[in-house]
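See structure below.
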Amino acid sequence: MTTFGEILAILNQEQVVLRIEDEHTTQTGRGTILTVFAKAADPALSQLGIDALYSPKGEIRIVMQQTPNLFLAERYKEGGRVERRPISSLESIFMHEVRVGGQWSADIKEEDSLKIVFDRELKTGDLVGRV
């Protein structure tokens with residue numbers, strides 16, 4: 001995992017502003033996919049000698065460079081399937097399409113879980129980089 005920037009602001013439901021460190025701006029052009037990381041620190045981890053763990057929480061795509069270190073980025077959807085769902089009780093008139101995800105890639109044994117949750121919401125101050 002390499003981090004080289006952070007989310008400075010959430011503009012709306014789709015767009016964020018990033019600050020990228022100088023040495024990485026030349027590798028961060030339009031369409032570049034970056035990973036946003038969640039940090040988990042918990043007493044259960046400390047007992048294992050681990051200060052914190054990082055996990056990918058999602059991906060964002062660079063839309064446009066604003067200044068030498070500031071970038072506009074967006075979240076996006078890929079994969080899954082599209083379902084038609086009603087918007088109101090007038091199902092035959094008002095329908096919209098919703099993308100629905102697929103199956104988990106693996107199952108987790110619940111009894112072995114430390115129940116540490118990584119937040120999936122993008123927030124100001126989240127680290128960005130590449131896995």
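None of the figures in this text is laboratory data; all of them are computed from the coordinates on show. Remember, it's a predicted structure, so these values are computed and weren't measured experimentally. Cβ: placed from backbone, ideal geometry, glycine included. Neighbour counts: every protein chain shown.
Taking other residues whose beta carbon is less than 14 angstrom from the beta carbon of F37, and scoring Lys, Arg as +1 and Asp, Glu as -1, yields 0. Straight-line reach from K123: which lysines fall under 24 Å, measuring Cα to Cα and dropping same-chain residues less than 8 apart? Within reach: K39, K57, K77, K115. What is the sum of charges around T28, taking Lys and Arg as +1, Asp and Glu as -1, for the other residues whose C-beta is under 15 Å from the C-beta of T28? After counting each charged neighbour, the total is -2.
Charge tally around R61: other residues with Cβ under 9 Å, Lys/Arg +1 each, Asp/Glu -1 each, net 0. Rg/Rh for the stretch 2-79 (Cα atoms only, Rh after Kirkwood) is 1.06.
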